[in-house]
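Reviewing the structure listed below.
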Amino acid sequence: MPKPPIPRQAHKPPQQQQHQVIATQWQGPLPPPEALEKFNAVVTNGAERIVCMVEEEQRHRQKYESNQLAAMIRDTRRGHYIGLAICLASIGGATAIAFAGLPWEIATALVGVPILGVITAIVNSKTK
């Protein structure tokens, strides 16, 4: 048995829709006063909440930077102490070699290598 024909529907043109997207941005931690007023209209105490959030973020960033600076100072100080210890140990070793009557080349190498490392570290720290 043949299938009945499918009735054709009238062709309707598609409906057109228009959308408008508006984006607003600003530089700095706070939006302009007009935007703060709009936030107040949408959220209770919206502007004050935003200002509190900015203040908290600033406190956090300052604490982070302060901790980072303190860590850099500690690392630098530790490097200085280690460099001093290596230099003193190599000078002591060179002195012991000299008193033991061993060849002077060994004492020179024992003092020269750490001193060269310290000079390299100083030069590299000045260029950074």
- line: Here the gain from full extension of Leu102 to Thr24, 0.36 nm per residue of separation minus their alpha-carbon distance, amounts to 20.2 nm
task: Can you spot the lysines whose alpha carbon is less than 30 Å from Lys126's alpha carbon? Ignore those fewer than 8 places along the same chain.
output: Lys63
- line: When all Cα-Cα pair distances of the chain are considered, the percent exceeding 27 Å is 65
query: How high is the relative contact order of the stretch 33-127, in percent, with contacts defined as C-alpha pairs under 8 Å that are six or more residues apart?
result: 16
message: With an 8 Å Cα cut-off and a minimum separation of 6 or more residues, compute the relative contact order for the stretch 82-122 in percent.
response: 41
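Throughout, read-outs are computed from the coordinates displayed, never taken from laboratory work. What you see is a predicted model; the values in this text were computed from it and never measured.
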